[in-house]
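Worksheet: one structure, shown below.
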Amino acid sequence: QQQVKQSPQSLIVQKGGIPIINCAYENTAFDYFPWYQQFPGKGPALLIAIRPDVSEKKEGRFTISFNKSAKQFSLHIMDSQPGDSATYFCAASGTGTASKLTFGTGTRLQVTL
Amino acid sequence: NAGVTQTPKFQVLKTGQSMTLQCAQDMNHEYMSWYRQDPGMGLRLIHYSVGAGITDQGEVPNGYNVSRSTTEDFPLRLLSAAPSQTSVYFCASSYSSFRWDRNYGYTFGSGTRLTVV
């Protein structure tokens, strides 16, 4: 059962473009929504996270938009750079003790010159 | 501060062989987990632990065994390797209780690429 659905599977944008990656969740008990960035040969690393009482969060060029009623959230990368080329995973969990993260299937982003 | 250390980085096994993937963390995290990553499947939880002496199954536990004798170490054992276990394995750790004023996110190791032939 896929509790977090992520799209698109892959994305190619030109430098300076704004790639958008979307995720949808089913479990209304989820209240923590992080995004992870993974470079080839490396483990995923936490990029940015949001809680459901906030509709938007920005950290540098990365922005999460959150729509609680639609159970959807998305990652926007402003002024994308070739160094942003990586695989991005959305995830969701509760915030109770030892709540387990459920990951989306990942989006491979390529930023071209 | 080394974070999460996984060994080995690469391994080739024959069908039926057993082996242990090692994972150690030095952040005093209570929670540790093992994921496997396969193309198009994302990260799937194999086993997890909320503290020393406590383990539980995740989404895809069959064929794997874990134990947690110390806070720092969380080895993953493949009992009898099968080609379906060819994958990249990641160990992750985090605090068990959530607080926004500290880095709650999972810290991942760099992975073990396992091939079963």
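The values are calculated or read from the model by the stated rules, or taken from the named source; none is laboratory data. Everything numeric in this text was worked out from a predicted model, so none of it was measured. With ideal geometry, Cβ positions are generated from the backbone for all residues, glycine too; neighbour counts draw on all protein chains shown. What goes into the accessible areas is simple: the full protein's heavy atoms, side chains included, and nothing from ligands, DNA or RNA. Shrake-Rupley method; radii C 1.70, N 1.55, O 1.52, S 1.80 Å.
Give the residue that is nearest to B:PRO75 (Cα to Cα), with candidates limited to residues of the range B:40-60 that are hydrophobic (A, V, I, L, M, F, W, C) and open to solvent by 60 Å² or more (accessible area, probe 1.4 Å).
To start, the set of residues in the range B:40-60 that are hydrophobic (A, V, I, L, M, F, W, C) comprises B:41, B:43, B:45-46, B:50, B:52, B:54, B:60.
Still in the running and open to solvent by 60 Å² or more (accessible area, probe 1.4 Å): B:41, B:54.
Details: B:MET41: 23, B:ILE54: 13 Å.
Ranking the qualifying residues of the range B:40-60, first place goes to B:ILE54.
Could you tell me whether any residue of the range A:73-91 is within 14 Å of another protein chain (Cβ to nearest Cβ) and among the aromatic types (Phe, Trp, Tyr)? Yes, some residue in the range A:73-91 is within 14 Å of another protein chain (Cβ to nearest Cβ) and among the aromatic types (Phe, Trp, Tyr).
Residue by residue, here is whether (1) away from chain A (no Cβ under 14 Å); (2) modelled with pLDDT of 95 or more holds:
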residue: B:ASP38; (1), (2): no, no
residue: B:PRO61; (1), (2): no, yes
residue: B:SER67; (1), (2): yes, yes
residue: B:PRO83; (1), (2): yes, yes
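Within the set A:ALA70, A:ALA24, A:ALA49, the sole residue that is assigned to a loop (DSSP other than H, G, I, E, B) and of a type in the set (A, V, I, L, M, F, W, C) turns out to be A:ALA70.
The single condition from (1) modelled with pLDDT of 95 or more; (2) hydrophobic (A, V, I, L, M, F, W, C); (3) assigned to a loop (DSSP other than H, G, I, E, B) that B:PHE90 fails is (3).
Within the range A:92-111, the set of residues being in contact (Cβ under 8 Å) with a residue 40 or more places away in the chain, facing another protein chain (nearest Cβ under 8 Å) and part of a loop (DSSP other than H, G, I, E, B) comprises A:THR95, A:SER99, A:LEU101, A:GLY104, A:THR105, A:GLY106. The listed residues are A:ILE64, A:ILE21, and the only one of them that is crowded, with 19+ Cβ neighbours inside 10 Å, farther than 17 Å from B:GLY105 by Cα and more than 11 Å from every other protein chain (Cβ to nearest Cβ) turns out to be A:ILE21.
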